Amino acid sequence: MDFGTKIDPPVPTDRPASAILNNKNQSVEKVAEAFESYLLGTVLHEFAKATQMTKKSFAEETQMSLFYEKVADIMAKKGIGLKEMLLRYTERGAKVSGGIGENR
């Protein structure tokens, strides 16, 4: 018995190719929106740190961090254009390689 042989999972044939592509596009869209939300949350958090006049307690910092995360999620759902830009970039078939400065 050879345990080193890898068996590929079966390809589902009951779904049409358009459904598979549609699922992939939805996944890319969700990732782009999540990235936009993460970026907005980071910007909000860093802005708050830069403008903070007094030291906050751990509980206050945690509460504000959750608040910024929720605001970032809402802003990302409304969109600031980053998600659309990322989607256009991926639709062009842009290839991201592992090397520095090798994106095409």
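The values are calculated or read from the model by the stated rules, or taken from the named source; none is laboratory data. Bear in mind the structure is a predicted one, so any value in this text is a computation, not a measurement. No Cβ is skipped: glycine too gets one built from the backbone with ideal geometry, and neighbour counts run over all protein chains shown.
A few points about this structure:
- The residues on offer are 56, 49, 70, 95, and the sole one that is in a helix (DSSP H, G or I) and at pLDDT below 90 is 49.
- Test for residue 86: is it modelled with pLDDT of 90 or more, part of a helix (DSSP H, G or I), within 18 Å of the chain's Cα centre (by Cα) and surrounded by 12 or more Cβ atoms within 10 Å (Cβ to Cβ): no
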